[in-house]
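For reference, the structure discussed in these notes is given below.
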Amino acid sequence: MEFFNREKEIKITLSIIEDEPDDTYFIYGPINSGKTTLINEIINNKLNKDKYVVFYINLRRYFISKYDDFIALLFKEYSEDKKPLELIKGLIKDSPLIFGIPIPKNTLEILLSKNEEVNVFDYITNFLLDIKKEGKQPIIILDELQKIGDLKINGFLIYELFNYFISLTKEMHLSHVFCLSSDSLFIERVYNEAVLNGRAKYLLVDDFDKETAMKFMDFLSERILNKKLSNEEKELIYSYVGGKPKDIIYVIKRLRVENLKEILDYLLNDAKQKLDMLLEVLDYSTPKVVVGDKEVEVKKEDIINALRLFKEKYMINKKEIPTPVYMYLVKKNILFLNPVEGTLRPQSFLIWNGIKRLI
Ligand SMILES: Nc1ncnc2c1ncn2[C@@H]1O[C@H](COP(=O)(O)OP(=O)(O)OP(=O)(O)O)[C@@H](O)[C@H]1O
């Protein structure tokens, strides 16, 4: 899919990258808003490849149950008889993007066998210093960082990692660090994390606003359908799916074979069914969520009352819903929590429409 817009987000991200590394950045937003797509566009088409080396580490596809699993994902072993820096020089000729930090075969095993994670991080730091000496700026991007949110090694691994990020950015100004996540409860935890106070910044990649969403529909319909949609059609699409790029793409692609009302009704029905199912299960079980160090039961009636608040409004202050209740709804991907603004809203217009019709 051809990339569309995001001019403001690109400008902000590039200005951060052009400055000396200072803060760790968390890129967050509702599900399927386009965070990964935006970062890929910046890496592939906006960065000066002679100036930067980007290490992209995507935790999405992996099962991570222990420290070693995570460390193994940070690195990529190679068997050539070369120094990591030499290897990198060959790899970044066409693109600044490297998947995983290169490490000679068996070296990782040795670093890990000593069981001191500081060695692993020392290796990375020295390697980044070498890259910097070559006149290039390293950038580390971690996608789906929440996957290690609950991993423990003498306390939570994530805090070890945050301390390392602070040393790379704020202290040594050695590498940019961007962490992407759709898990807004994780972002809330990070946001309240004392060690990151004043050392982390947050960039929201949101669904498109109405004006941009309508332009995106034009952009897609011209390319996919070879025609323009009428204003009424675009208004109708927006009223069902809002500005979520993924849903807009789905609708326009389906228009090749189906009529608009059928597509929108199908999507809305699907959202309603999922919500209905979630509520039905609550007749037979009472979910529990962990708030602080307490496990708290969440009652169906409180969940319904919380959802009712969205019948008239799209966005509310998070204080309007008790913490365990919103935590449950965020976990279930019904609500999106913006910890920076302190607001809650449905994860998508489709879910919002489902709530309005079902509750
Ligand atoms: N600016 C854009 N131009 C074109 N397509 C886009 C754009 N932004 C997002 N998309 C499309 O929307 C879909 C979802 O985007 P993406 O996977 O980047 O979202 P995400 O926010 O990273 O998702 P997740 O919530 O899973 O982390 C993708 O299929 C992508 O092609």
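Some notes on this structure:
The rows are residues; the columns are (1) within 18 Å of residue 328 (Cβ to Cβ); (2) in contact with a helix residue (DSSP H, G or I) (Cβ under 7 Å, 6 or more places away or on another chain); (3) in the same structural domain as residue 354 (by TED's automatic domain parsing); (4) of a type in the set (D, E, K, R).
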position: 253; (1), (2), (3), (4): no, yes, no, yes
position: 267; (1), (2), (3), (4): no, yes, no, no
position: 270; (1), (2), (3), (4): no, no, no, yes
position: 287; (1), (2), (3), (4): yes, yes, yes, no
position: 294; (1), (2), (3), (4): yes, no, yes, yes
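- Any hit, segment 16-26, residues being within 16 Å of the ligand (Cβ to nearest atom) and surrounded by 13 or more Cβ atoms within 10 Å (Cβ to Cβ): yes
- Considering segment 198-221, and only residues there that are more than 17 Å from residue 38 (Cα to Cα) and charged (D, E, K, R), the residue that is surrounded by the fewest Cβ atoms within 10 Å (Cβ to Cβ) turns out to be 211.
- Residues considered: 203, 129, 174, 168. Of these, the only one that is within 16 Å of the ligand (Cβ to nearest atom) and modelled with pLDDT of 90 or more is 203.
- Positions within segment 27-41 being of a type in the set (Ser, Thr, Tyr) and within 7 Å of the ligand (Cβ to nearest atom), in sequence order: 33, 36, 37
- Test for residue 38: is it modelled with pLDDT of 80 or more and closer than 30 Å to residue 348 by Cβ: yes
- On inspection, residue 195 passes the criterion of being exposed (fewer than 15 other Cβ atoms within 10 Å of the Cβ), in contact (Cβ under 8 Å) with a residue 24 or more places away in the chain and more than 16 Å from the ligand (Cβ to nearest atom).
- Test: residue in segment 3-10 that is in a loop (DSSP other than H, G, I, E, B) and more than 9 Å from the ligand (Cβ to nearest atom): no
- Taking the criterion of being under 20 Å from residue 180 (Cβ atoms), of a type outside the set (Val, Ile, Thr) and in contact (Cβ under 8 Å) with a residue 40 or more places away in the chain, the residues of segment 59-70 that qualify are 59, 60, 62, 70.
- Test set (1) modelled with pLDDT of 95 or more; (2) more than 12 Å from the ligand (Cβ to nearest atom); (3) more than 20 Å from the chain's Cα centre (by Cα) - residue 209 fails condition number: (3)
- Which listed residue, of 73, 38, is under 19 Å from residue 158 (Cβ atoms), in contact (Cβ under 8 Å) with a residue 12 or more places away in the chain and under 18 Å from the mean Cα position of the chain (by Cα): 73
- Restricted to segment 44-54, and to residues there that are outside any loop (DSSP other than H, G, I, E, B) and in contact (Cβ under 8 Å) with a residue 60 or more places away in the chain, the residue that is farthest from the ligand (Cβ to nearest atom) is 53.
- Restricting segment 259-288 to residues that are assigned to a loop (DSSP other than H, G, I, E, B) and surrounded by 12 or more Cβ atoms within 10 Å (Cβ to Cβ) leaves a set whose member that is nearest to the ligand (Cβ to nearest atom) is 287.
- Among the numbered conditions (1) touching a residue at least 24 places away in the same chain (Cβ under 8 Å); (2) away from the ligand (no atom under 12 Å from the Cβ); (3) small (Gly, Ala, Ser), the only one that residue 90 does not meet is (1).
- Filtered by the rule that a residue be hydrophobic (A, V, I, L, M, F, W, C) and over 16 Å from the mean Cα position of the chain (by Cα), segment 44-70 gives 47, 53, 54, 55, 63, 64, 70.
- Residue among 14, 38 that is touching a Lys or Arg at 6+ places or on another chain (Cβ under 7 Å), closer than 22 Å to residue 341 by Cβ and part of a helix (DSSP H, G or I): 38
Rundown of residues vs (1) over 17 Å from residue 148 (Cβ atoms); (2) acidic (Asp, Glu); (3) part of a strand (DSSP E or B), yes/no style:
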| position | (1), (2), (3) |
| --- | --- |
| 31 | yes, no, no |
| 56 | no, no, yes |
| 71 | no, no, no |
| 81 | yes, yes, no |
| 88 | yes, no, no |
| 95 | yes, no, no |
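The values are calculated or read from the model by the stated rules, or taken from the named source; none is laboratory data. Owing to the predicted nature of the structure, the values given are computational and were not obtained by experimental measurement. Backbone-built Cβ (ideal geometry, glycine too); neighbour counts: all protein chains shown.
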